[in-house]
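Please treat every number below as a calculation from the coordinates, not as lab data. From a predicted model like this one, the values you see are computed outputs, not experimental measurements. Virtual Cβ from ideal backbone geometry, glycine too; neighbours counted across all protein chains shown.
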Amino acid sequence: MTATPPLTTPIDCETAVRRLWDYIDGALAEHAAVEVATHLAACAKCPPHFAFARSFLLAVGRTATIAPHGAATRERVLRALEAEGFSRAG
Ligand SMILES: [Zn+2]
C-alpha cells in the first residue's frame, strides 16, 4: 500500500527564484529543473520573473558575449534586475 514516492518534491517561490538562473542556463540537475518547471506550472507569480530574466539575458546577449559561468556578468545582471525592482517583487 506504499505509494511510489515522487521523484520531485514541491518547492516554494523562494526556491524556484533561487534556481532561476541555473534553470535558464540549463545547469540544474534534471530533477531540480523538473521541480522548477512543476512550480512554474502551478504558480502565478514566478513565470513572469523567469520570462523577464530569460528575455533580459537574450537582450544582453545581443550586445555582449556572456561567459557561461561568468560571475561578474551574472552579478551585473542581478544588479540590473534589482534596479528594475526584481527584488521587491516577492
Ligand atoms: Zn512561485
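Computed quantities for the displayed model
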| read-out | value |
| --- | --- |
| Environment charge of Y23, counting only residues whose C-beta is closer than 12 Å and scoring Lys/Arg +1, Asp/Glu -1 | -1 |
| Modelled label reach - A33, point 7 Å along Cα→Cβ, the range 11-26 residues with backbone N closer than 11 Å | 23-26 |
